[in-house]
1. From the residues in the range A:184-211 that are part of a helix (DSSP H, G or I), within 7 Å of chain B (Cβ to nearest Cβ) and within 31 Å of the chain's Cα centre (by Cα), which one is farthest from residue A:225 (Cα to Cα)?
2. Residue pairs, Cβ under 6 Å, 6 or more apart or interchain, first in the range B:215-244 and touching a residue at least 12 places away in the same chain (Cβ under 8 Å), second exposed (fewer than 14 other Cβ atoms within 10 Å of the Cβ) and in a loop (DSSP other than H, G, I, E, B). List them.
3. Any residue in the range A:83-103 that is surrounded by fewer than 22 Cβ atoms within 10 Å (Cβ to Cβ), touching a strand residue (DSSP E or B) at 6+ places or on another chain (Cβ under 9 Å) and free of Cβ contacts under 8 Å to residues at least 12 places away in the same chain?
4. Could you tell me which residue of the range B:3-18 is farthest from the other protein chains (Cβ to nearest Cβ), considering only residues that are modelled with pLDDT of 95 or more and under 17 Å from residue B:38 (Cα atoms)?
5. Residues that are within 11 Å of chain B (Cβ to nearest Cβ): list the helices (runs of 4 or more DSSP H) wholly contained in the range A:19-95 that include at least 2 such residues.
6. Assigned by TED's automatic domain parsing to the domain that holds residue B:129 and crowded, with 22+ Cβ neighbours inside 10 Å, is that true of residue B:78?
7. Anything in the range B:3-18 that is crowded, with 21+ Cβ neighbours inside 10 Å and part of a strand (DSSP E or B)? List them, or say none.
8. What pairs can you find where one residue is in the range A:191-205 and over 19 Å from residue A:178 (Cβ atoms), the other is part of a helix (DSSP H, G or I), and their Cβ atoms are less than 7 Å apart, with a gap of 6+ or different chains?
């Protein structure tokens, strides 16, 4: 059975301009890999509601889960809820459960001004994603999970969300850090990959302490993976490349 | 006159799986912003030729320049040249100028094996992008610039490429780091943004040393930008928020 699939949509002019170094995509990719969800694509786009709606509709049709980050704060450039509501043709309005969360958070009743109330706007039909840090919630609408861009808040929201999502067979990996350039391993590695169709093989050059290659074998099938690791070890030995640092599956 | 536009396509299973933390997108975004090229979108996809071809065709039609990174090494999982050639319907074969570069690099003639010769495969009609580090070249085909994924090589290729591309009016930015939460600035900021249509305003929360907001005004028009900065300063003063750290345009 194939693993569930996912995509991510990062929303923020500040990422495209280089002002902000994006971090949530890497965090999400590690978490999804651990639980056997196959992340197919990441997109970064700007803070514009029609653009957001277009990409939400393109991506949600292609995968089981679409995760978004960014653009759900109180300021005029936070357009994600508008874009997602537009994508679904859903009404977007302040919802009482979201307002109650914010009312409880802001001790001074005057503090919940019009700008902050923007963060209680939830599309009709959505379920809230709780925010244990600054309280303003995200939401799930259909297969789209809308979360904050601030990394600590994104991570906290995700921690609550992921246990509600079905995972797949986690992908296990064996990794070999070999002191031999990719160009000398590539031929035998291609043959080996062809002989082990249930295992994915990757090769990544490194330059620290001389030119070398990290060879990675990945599979959800532990038996097939161990067979591939054995074959990789034999291949390196036959090339006279000994002493590769091996990292077994976690 | 509108600035030239760009998109980036990052190609690599290792980024989607979380094995590798992507760094080239941020580097490119900073460089493009400096030269007044408007980066509209970044996509990260896996090492699969038909998928690469599909995204290359979607993005190259939307922007003036498409930059790719990753997937041009010697191993079986390096599929970018195949995908780009497929997108253009161009023949992909070892080209003599690219082969000559590799022959000069590998002192031992036996070292230029079949795997390494894959890196001399260039689509018909493409111009080479030189690689001053490990020599294996990238290429430009139409408005698509194909570069390596290793960050040092990507940066070196880009350094040679960018001077050949027309820039636009660089976007200048004033930034104010204010000790006031976004929710209290958002209302006045919305009004200010409406009054300065030639300037883009962004707001980014921070949590270090208490809750605060970085307000950023951006424009290619220096006069309009200075007017907006003056108005932002007055707005902060009227809210009793003094002592914001100001960063003028570079």
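The values are calculated or read from the model by the stated rules, or taken from the named source; none is laboratory data. Keep in mind that what you see is a predicted model, and the values were worked out from it rather than measured. Virtual Cβ from ideal backbone geometry, glycine too; neighbours counted across all protein chains shown.
1. Here is the first cut: in the range A:184-211, the ones part of a helix (DSSP H, G or I) are A:184-195.
Filter again for within 7 Å of chain B (Cβ to nearest Cβ), leaving A:186-187, A:189-190, A:193.
Still in the list and also within 31 Å of the chain's Cα centre (by Cα): A:186, A:189-190, A:193.
Numbers: A:186: 19, A:189: 15, A:190: 16, A:193: 12 Å.
Per the criteria, the residue is A:186.
2. B:219/B:198; B:221/B:198; B:224/B:198
3. no
4. Filtering first and then ranking leaves B:4.
5. Numbers: elements: A:24-34, A:49-60, A:80-88.
The qualifying helices (runs of 4 or more DSSP H) are A:24-34, A:49-60.
6. On the way: assigned by TED's automatic domain parsing to the domain that holds residue B:129: yes; crowded, with 22+ Cβ neighbours inside 10 Å: yes.
When the stated conditions are applied, residue B:78 passes them.
7. B:6, B:7, B:8, B:9, B:10, B:11
8. Cβ pairs passing all conditions: A:198/A:224.
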